[in-house]
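See below for the structure under consideration.
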Amino acid sequence: MSLAPYAVSEENSRGRRFSATISRDRNAFERDYSRILHSDAYRRLQGKTQVFSANTGDRFRTRASHSAEVEQVSRAVCRQLRLNETLAATLALGHDIGHAPFGHLGQDVLQELMADHGGFEHNHQALRLVDLLESPYFEHRGLNLMFETREGLLKHCTAERARQLGDVGQRHLDGSSPPLEVQAVDWSDAIAYCHADLEDAFVMKLLTVDDLLATPGYQEAWKRFSAPYPGLAHPTQCDFQSRDADALRKGKAIVRSVIRDMMTTAIDDLVMATRKRLELAQPQSLDEVRRHSPLVGFSDAGLAQHRALKAFSRENIYSHPFITSVRKQERVVLQDLFQAYVQAPDEMSGRGPEPGDSVHRAVADHISGMTDRYAQEEHARLLQARPELLASLQSGLQDAAPARSNKRRP
Ligand code: MG
């Protein structure tokens, strides 16, 4: 199927920063996909927290598996809207590569510690990674990605930073809209994590069957799922504690099917509501999309359902006592590591600041690239090898740490 006239293509793209040889077997966006897939930062997502951190088990999503799920949703949405599926897949794969270990906690802690040193923001870090820190090419720094891939990775940005970044930050200054592929990936991310977190939280026993039944949209999806099976009852909490393997399997399959139905319903709503907006707006080019208010989005009812689900997850999953207690320990690990490296940069296995950067920036780069496990191993190593670096920190920093905000999504 041909691309819509307003989709991003090689023809209307602003191209790469450095000229690159033309590939005969892959288009420019397929090459960007490969560049992200083969990056160190992408690979490390397998050891980074989505909601549950690596030290709490292995039955849940990591940042890498979450990114693959976002890719799948983004592809489905963009295919139906005749948008550039490969660009969307690349953005999905890369949308979280700037995340620090331990999920949003890592972002919050680095932001606090970097407050007087230029700040830390994972979307900006993603751009910094692909433009500077990832360096597999002899000819230049960075991955030399297409403009639209780079601007898509910079999802949020302060005005001050946007001014420093030039063209790629422009839309954050003039209020123009990003390409539809970028908008589609943002929504696909939200759809993917909202439903996956529900499933993971149930598997991790943070939510009971009664909690699931009280989840916005769950009862409606259960009715749709059970309609072809008259007399089928929803599994109870007892069924999940049963030793009957078949009952257990069926119970799990029902819960997963219902959540899958909720997700499919959300994707269908997004596609249909976006189609309607496109029919009304009739954009004829990518430039017209940029000048128009965002066109990808839910219907009013779909948006209300999505917001209710997010509010439910904030209250029942992200601020669950289990999650908050794990985060307290992880906060200490990150604070300790940051201060220890600032005092002794040589401990960062030879990594010094980039030209013009402060030691603090080098430390933020180093820590944000770590997996959960490596951050903990480094903390344990420094405790043993350089206790003087950590001993002086604990009391003062913990007193100074602001309360954890639950507002942000994972
Ligand atoms: Mg995400």
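How would you order 254-265, 181-192, 13-24 from highest to lowest mean count of nearby Cβ atoms within 10 Å?
Working: 254-265: 19.1, 181-192: 25.2, 13-24: 12.0.
Ranked from most to least packed, the peptides come out as 181-192, 254-265, 13-24.
Label points 7 Å out from Cα along the Cβ direction at SER65 and GLN282: separation in nm?
Using points 7 Å along Cα→Cβ, the separation is 4.8 nm.
For the stretch 297-388, how big is the tail of P(r) above 16 Å, as a whole percent of Cα pairs?
Details: 2701 of 4186 pairs.
Of the Cα pairs, 65 percent sit more than 16 Å apart.
Which whole DSSP H helices in the chain pass both tests: a Cα extent of 24 Å or more along the axis and a mean Kyte-Doolittle value no lower than 0.0? Please list the in-between numbers first.
On the way: long enough: 63-80 (26 Å, -0.70); 180-203 (34 Å, 0.35); 245-281 (54 Å, 0.08); 321-343 (33 Å, -0.09).
Within the chain the helices that satisfy the rule are 180-203, 245-281.
Beyond 20 Å, what share of the Cα-Cα pairs of the stretch 153-302 remains, rounded to the nearest whole percent?
On the way: 6788 of 11175 pairs.
Considering the stretch 153-302, 61 percent of its Cα-Cα pairs are separated by more than 20 Å.
Over all alpha-carbon pairs in the chain, figure out the percentage whose distance exceeds 40 Å.
On the way: 17729 of 83845 pairs.
Tail of P(r) above 40 Å: 21 percent of Cα pairs.
Under a plain spin-label model, where a point goes 7 Å from the Cα along Cα-to-Cβ, how far apart in nm are ASP116 and LEU383?
For the pair ASP116/LEU383, the computed spacing is 2.8 nm.
Cα-based Rg of the stretch 252-356 per 2.2 N^0.38 Å, rounded to two decimals?
After normalising by residue count via 2.2 N^0.38 Å, the value is 1.78.
Ranking THR49, THR62 by Cβ neighbours within 10 Å, fewest first, what do you get? The partial results should precede the final answer.
Values: THR49 29, THR62 21.
Ranking THR49, THR62 by Cβ neighbours within 10 Å, fewest first, gives THR62, THR49.
Which of the peptides 281-290, 235-244 is most tightly packed, and how do the rest follow, going by the mean number of other Cβ atoms within 10 Å of each residue? Could the numbers behind the result be given before it?
Numbers: 281-290: 15.6, 235-244: 12.6.
Going from most to least packed, we get 281-290, 235-244.
What percent do you get for the relative contact order of the chain when only Cα pairs under 8 Å and 6+ apart count? Intermediate values should be presented prior to the final figure.
Values: 571 pairs, mean separation 85.2, N = 410.
Result for the chain is 21 percent.
Show me 142-154, 203-215, 118-130 ranked by packing, highest mean number of other Cβ atoms within 10 Å first.
The most tightly packed comes first, giving 142-154, 118-130, 203-215.
What list do you get for LYS250, LYS310 if you sort them by fewest beta carbons within 10 Å?
Values: LYS250 14, LYS310 17.
By the 10 Å Cβ count, ascending, the order reads LYS250, LYS310.
Could you check the spin-label model distance between ALA253 and ARG141? Points 7 Å from the Cα along Cα→Cβ, value in nm.
A separation of 5.5 nm, rounded to one decimal place.
Throughout, read-outs are computed from the coordinates displayed, never taken from laboratory work. Because the structure is predicted, anything quoted here is derived from the model rather than measured. Please note: Cβ atoms are built from the backbone with ideal geometry, for glycine as well, and neighbour counts cover all protein chains shown.
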